[in-house]
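Let me begin by presenting the structure, written as C-alpha cells, before commenting on it.
The values are calculated or read from the model by the stated rules, or taken from the named source; none is laboratory data. What you see is a predicted model, and the numbers here were worked out from it, not measured in a lab. Keep in mind that these areas ignore ligands, DNA and RNA; they rest on the heavy atoms of the full protein, side chains included. Shrake-Rupley method; radii C 1.70, N 1.55, O 1.52, S 1.80 Å.
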Amino acid sequence: MPFDAPCQTPLGDIELLTDARSRIRNRNSWVQGRFQDMDRYCLVAALSLACGSRSFDIPNRTEKKLARLIAAQIPRDAPFMSRWRLVPVRQRLMALNDAPCTTHEDVMALFDRTISHLATTARISVPA
C-alpha cells in the first residue's frame, strides 16, 4: 500500500543523518574549505550524498529539511556566520564546517546532537 512506508519518517531521517555522519566519521574523511577532496567530504557534502541530492549545487527537499534540523543544533558559541539566521541554512553549515576554529569533533558533536534530538522527539506508534 502506498502509505505503509512513507518516504521520510523521523526514523528515516535518523538513518540519513547517521549515514552522513558515517561518511566523515574520522578526521581523515573530513575536509574543510571545499565540498570534496578525493574521498574526503565536508559536513554539507556528506549530507548531500546521504540524501541522494543530484548535485552539491542543488539540494533536494530531504537535504534541505535535514540541513534545517542540523542548523537548529548549532551551539551558541559557534562562529557568528553559522548562527546568523539571515544566512541560508546550507551556507550556515558551510561557514561552521570551514571556520578555522571548528574541529572534526565539533562537526561530529553537531551530528550527534541532531540525531539525539530527533530520537527523543520522534513519535513511535505501536500497533494495538
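Restricted to segment 50-105, and to residues that are open to solvent by 40 Å² or more (accessible area, probe 1.4 Å), aliphatic (A, V, I, L, M) and in a loop (DSSP other than H, G, I, E, B), which residue is farthest from Ser29 (Cα to Cα)? If we take residues in segment 50-105 being open to solvent by 40 Å² or more (accessible area, probe 1.4 Å), aliphatic (A, V, I, L, M) and in a loop (DSSP other than H, G, I, E, B), then Leu86 is farthest from Ser29 (Cα to Cα). Take segment 106-121 and flag every residue that is of a type in the set (D, E, K, R) and open to solvent by 80 Å² or more (accessible area, probe 1.4 Å). Hit for segment 106-121 is Arg113, nothing else.
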